[in-house]
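J.: One structure follows; several queries about it will come next.
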Amino acid sequence: MKAFGLLFSLVTILFFINVGGPIYAFIDIPSLLMVLFITTGLSMAKYKSEGLLFWKLSDESKKSEIASWIGKTCIQVGFFSSILGFILLATNYNNLPSSEIPAGMIVAILPIFYSMIIYFFITKPLVNIRDFSNTVN
């Protein structure tokens with residue numbers, strides 16, 4: 001049932017993205033790579049090699065702990081990356097034609113979108129519900 005719920009949510013997101021406009025507006029490889037690489041680097045710094053291959057760990061408690069930490073960190077990295085994007089947009093504001101500014105703002109917001117997708121559809125499902133509820137309280 002958990003897999004069905006995740007799949008249903010993902011299909012719903014993709015449907016409304018497609019209804020609202022072109023799907024390519026949500027694709028920016030550098031933004032995605034920034035979120036992935038920074039999050040991976042931070043997880044390796046905190047958990048060493050366990051942070052890189054945490055889903056292969058036999059200790060379910062440790063796996064949940066790392067997945068939860070990576071998910072929360074990924075969201076923070078998404079916001080940090082968006083701030084960087086807005087700073088870059090602001091520094092190049094005078095050099096950009098006014099028609100390109102909305103596209104620049106979209107690209108600046110995409111790291112938050114990517115980090116939320118990673119959190120909700122990758123790391124949060126890997127967290128054991130029992131362990132996750134204990135960390136929230």
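J.: Based on alpha-carbon centroids, what's the gap between the stretch 69-93 and the stretch 1-63 in Å, whole number please?
T.: Going from one Cα centre to the other spans 16 Å.
J.: So if I place +1 on the C-beta of Lys and Arg and -1 on the C-beta of Asp and Glu, and nothing else carries charge, what would the dipole magnitude of the chain be about its Cα centre? I want it in debye, nearest 20. Mind showing how you got there, number by number?
T.: Details: 9 positive and 7 negative charges, 71 e Å.
Dipole magnitude for the chain comes out near 340 debye.
J.: Points 7 angstrom from Cα along the Cβ direction at Leu53 and Thr12: gap in nanometres?
T.: 3.7 nm
J.: From the residues Ile75, Trp55, Met34, which one has its Cα farthest along the dipole of the chain in the positive direction, the dipole being from +1 and -1 charges on Cβ of Lys/Arg and Asp/Glu about the Cα centre?
T.: Value computed over the given set: Trp55.
J.: Label-point separation (nm) for Ala25 and Phe121, each offset 7 Å from Cα along Cα-to-Cβ?
T.: Roughly 1.8 nm, to one decimal.
J.: Taking the 0 to 90 degree range and rounding to the nearest ten, how far is the long axis of helix 101-118 tilted relative to the main principal axis of the chain, both from C-alpha atoms?
T.: Approximately 10 degrees, to the nearest 10.
J.: Just subtract the alpha-carbon distance of Ser99 and Phe80 from 0.36 nm times their residue separation and send over the number in nm, one decimal.
T.: Working: separation 19, 0.36 × 19 = 6.84 nm, distance 2.54 nm.
The Ser99-Phe80 span can extend by a further 4.3 nm.
J.: May I ask for the percentage of alpha-carbon pairs in the chain that lie more than 24 Å from each other?
T.: Above the 24 Å cut-off, the chain has 40 percent of its Cα pairs.
No value in this document is a laboratory result; all are computed from the given coordinates. A quick note: this is a predicted structure, and the numbers were derived from the prediction, not measured. Note that we place each Cβ from the backbone using ideal geometry, even for glycine, and neighbour counts take in every protein chain shown.
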